[in-house]
Amino acid sequence: MTLKQLQIFMAVADEGSFSRAAEMVSLTQPTVSQHIMALEDELDVRLFDRTSAEVLMTAAGRLFYEHATAIIAGCEQAQNAIRQFQGLDQAKIKIGASTIPATCLIPDMLGKLHKLYPGICLELIQGDTQQVLQMLLDNRIELALVGAMPQFAGIKSRKIKTDRIILVAHPETEICRQMNICELYNCKLIMREQGSGTRQATENALRAAGINLPELTVMAQLGSSEALRRAVLAGKNFCAFISALAVEPELQSGTLLEIKINGLDIHREMFLAWQQQKTLSPAASAFMELFPDIGQTV
């Protein structure tokens, strides 16, 4: 059974005539008759009663007509969907992002996305870096924005932004505004959870500076930069390593302050990632163009 046979069947049923149906589908009448006979042979049922005056659907033909109508309508919908997909006039893209890209990068570019591509609808799923990359591998999302270089085989990425991770505290804290790195052992820290890009970059920098994180006083591990920010605002003696992007308003207003650490400067890169072997949709390709490539694609 082919789509062409269904279209011919529908034409004969609608016109009640093999000759008029042949004109509709631009075929000869014998060819139309052959297609209908082949369809009846395959289904092992008679679809039409033929008389010298007219062609009428049988009970089986009427039943088949209902299903053929739905199949052809579904095919037309699929074709329209692909046309919309290719034209970006009604497209959807599913993005995954870790905390900082999700809260500090994507919201800032939504206006530009809508201005350039008003037909694109963006769906965002948030998690930590490892969770988001696993979503990418599981085909749950098409693109990922994360705060650490992806280490999974089959994932390509490019650097899109450099972020700074700083130690912040309440302005009424008893902690010195500038300290030597060994003074971290006297601090009550709140950290991001394992798997976050912020945590990974902080651990790497501390380890390189000779600081073993398990020996520090970690009061809590929280699942987002927003949770860290609120905890430090509420606790005068707490401090936290956090993205400078996440607390930029608080630093400017003075509701949080940065604690300078001699000899410790933590930077981390943000990456846009995708599956190497997967063909990206036009919507995903358009989204990628919004982020400048500031580093080599890996």
* Please work out if Phe241 is aromatic (Phe, Trp, Tyr), surrounded by 16 or more Cβ atoms within 10 Å (Cβ to Cβ) and more than 30 Å from Ala91 (Cα to Cα). => yes
* Is it fair to say Ile155 is aliphatic (A, V, I, L, M), in contact (Cβ under 8 Å) with a residue 60 or more places away in the chain, closer than 24 Å to Gln276 by Cβ and out of contact with any Gly (no Cβ under 6 Å at 6 or more places or on another chain)? -> yes
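Hey, among the residues in the stretch 19-46 that are among the hydrophobic types (A, V, I, L, M, F, W, C) and not in a helix (DSSP H, G or I), which one's surrounded by the fewest Cβ atoms within 10 Å (Cβ to Cβ)?
In this case the residue turns out to be Val45.
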* Asked: So Leu167 fits all but one of (1) crowded, with 17+ Cβ neighbours inside 10 Å; (2) assigned by TED's automatic domain parsing to the domain that holds Gln275; (3) touching a Phe, Trp or Tyr at 6+ places or on another chain (Cβ under 8 Å); what number is the exception?
  -> (2)
* Counting only residues that are closer than 20 Å to Leu213 by Cα and not β-branched (Val, Ile, Thr), how many does the stretch 150-175 have? -> 3
* For the stretch 275-290, what are the residues that are of a type in the set (Phe, Trp, Tyr) and farther than 15 Å from Gly96 by Cα? -> none
* Filtered residues of the stretch 119-134 (kept if under 30 Å from Arg192 (Cβ atoms) and without any contact (Cβ under 8 Å) to a residue 40 or more places away in the chain) -> Glu123, Leu124, Ile125, Gln126, Gly127, Val132, Gln134
* Asked: Mind checking which residues of the stretch 143-162 are buried (at least 22 other Cβ atoms within 10 Å of the Cβ) and modelled with pLDDT of 90 or more?
  -> Leu143, Ala144, Leu145, Val146, Ser157
* Structure fact -> Here, strands (runs of 3 or more DSSP E) confined to the stretch 47-118 with at least 2 residues that are surrounded by 12 or more Cβ atoms within 10 Å (Cβ to Cβ) and touching a residue at least 40 places away in the same chain (Cβ under 8 Å) are 55-57, 91-97
* Structure fact -> Being among the hydrophobic types (A, V, I, L, M, F, W, C), in contact with a strand residue (DSSP E or B) (Cβ under 6 Å, 6 or more places away or on another chain) and under 27 Å from Ile261 (Cβ atoms) narrows Ile95, Ile120, Ile166 down to just Ile166
* Residues in the stretch 1-18 that are part of a loop (DSSP other than H, G, I, E, B) and touching a residue at least 40 places away in the same chain (Cβ under 8 Å): how many? -> 2
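The values are calculated or read from the model by the stated rules, or taken from the named source; none is laboratory data. Computed from a predicted model, the values in this text were never measured in an experiment. As a convention, Cβ positions derive from the backbone with ideal geometry for all residues, glycine included, and neighbour counts pool all protein chains shown.
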